[in-house]
Amino acid sequence: QVQLVASGGGLVQAGGSLRLSCAASGIIFSIDRMGWYRQAPGQQRELVAVIISSGSTNYADSVKGRFNISRDNAKNTVYLQMNSLKPEDTAVYYCNAIVRDSFYSGFVDYWGQGTQVTVSS
């Protein structure tokens, strides 16, 4: 079993910055992809940014140029640096990791508990 613990959310004014962190712990052989998703009230959960083990990244168009995703493979941790925040970035942010717990097992999808990000205008 793998646990993802996210932190770093909070309240910030428009134009400000926040940095989210998400650490994976438990029985981990390898992590293929880590990422961040968000869900605003009344909206579906949407992809914000993902990073794969090679370091390649993908961003939602709405956050390109403002957000940066990175990971520390030694710490099984993914980060999301959010700059130039806008009120429309307000949502619960969830971290996600696709994890293999042994050489012989398949990848399993895990989710963190979510952290609230609120951007005031």
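Just one of the numbered conditions (1) surrounded by 12 or more Cβ atoms within 10 Å (Cβ to Cβ); (2) in a loop (DSSP other than H, G, I, E, B) is not true of PRO41: (1). Note on region 87-114: residues that are touching a strand residue (DSSP E or B) at 6+ places or on another chain (Cβ under 6 Å) and charged (D, E, K, R) amount to 3.
Given the condition in a loop (DSSP other than H, G, I, E, B), in contact (Cβ under 8 Å) with a residue 12 or more places away in the chain and not hydrophobic (A, V, I, L, M, F, W, C), answer yes or no: does some residue in region 56-64 qualify?
Yes, there is a match, as at least one residue in region 56-64 is in a loop (DSSP other than H, G, I, E, B), in contact (Cβ under 8 Å) with a residue 12 or more places away in the chain and not hydrophobic (A, V, I, L, M, F, W, C).
Could we say that GLY10 is of a type in the set (Gly, Ala, Ser), open to solvent by 30 Å² or more (accessible area, probe 1.4 Å) and at positive phi here? Spelling it out, it is not the case that GLY10 is of a type in the set (Gly, Ala, Ser), open to solvent by 30 Å² or more (accessible area, probe 1.4 Å) and at positive phi.
One residue stands out among those in region 65-102 that are modelled with pLDDT of 95 or more, of a type in the set (Ser, Thr, Tyr) and in a loop (DSSP other than H, G, I, E, B): the one that is surrounded by the fewest Cβ atoms within 10 Å (Cβ to Cβ), which is SER84. Taking residues in region 80-105 that are within 19 Å of LEU47 (Cβ to Cβ), and partners anywhere that are among the acidic types (Asp, Glu), the pairs with Cβ atoms closer than 6 Å and at least 6 places apart or on different chains are ILE98/ASP32; ILE98/ASP109.
Test of understanding: among VAL12, VAL5, which residue is within 15 Å of the chain's Cα centre (by Cα) and not hydroxyl-bearing (Ser, Thr, Tyr)? It would help to see each step written out before you state the result.
Values: VAL12 fails: within 15 Å of the chain's Cα centre (by Cα).
Only one candidate passes the filter, namely VAL5.
Would you point out which residue out of SER56, SER62 is among the small types (Gly, Ala, Ser), under 23 Å from VAL12 (Cα atoms) and at pLDDT 95 or above? Unique residue meeting the criteria: SER62.
Could you list, in sequence order, all residues of region 44-55 that are part of a loop (DSSP other than H, G, I, E, B) and open to solvent by 50 Å² or more (accessible area, probe 1.4 Å)?
Hits for region 44-55 are GLN44, ARG45, SER53, SER54.
Taking the condition touching a Lys or Arg at 6+ places or on another chain (Cβ under 6 Å) and surrounded by fewer than 13 Cβ atoms within 10 Å (Cβ to Cβ), does PHE29 pass? The answer is yes for PHE29. Taking the criterion of being open to solvent by 40 Å² or more (accessible area, probe 1.4 Å) and over 23 Å from VAL108 (Cα atoms), the residues of region 13-26 that qualify are GLN13, ALA14, GLY15, SER17, ARG19.
The values are calculated or read from the model by the stated rules, or taken from the named source; none is laboratory data. The model shown is predicted, which means the values in this text are computed figures rather than measured ones. Heads up, the Cβs are rebuilt from the backbone with ideal geometry, glycines too, and the neighbour counts pull from every protein chain shown. The protein model used for the area step is the full one, side chains on, heavy atoms only, and it has no ligands, DNA or RNA in it. Shrake-Rupley method; radii C 1.70, N 1.55, O 1.52, S 1.80 Å.
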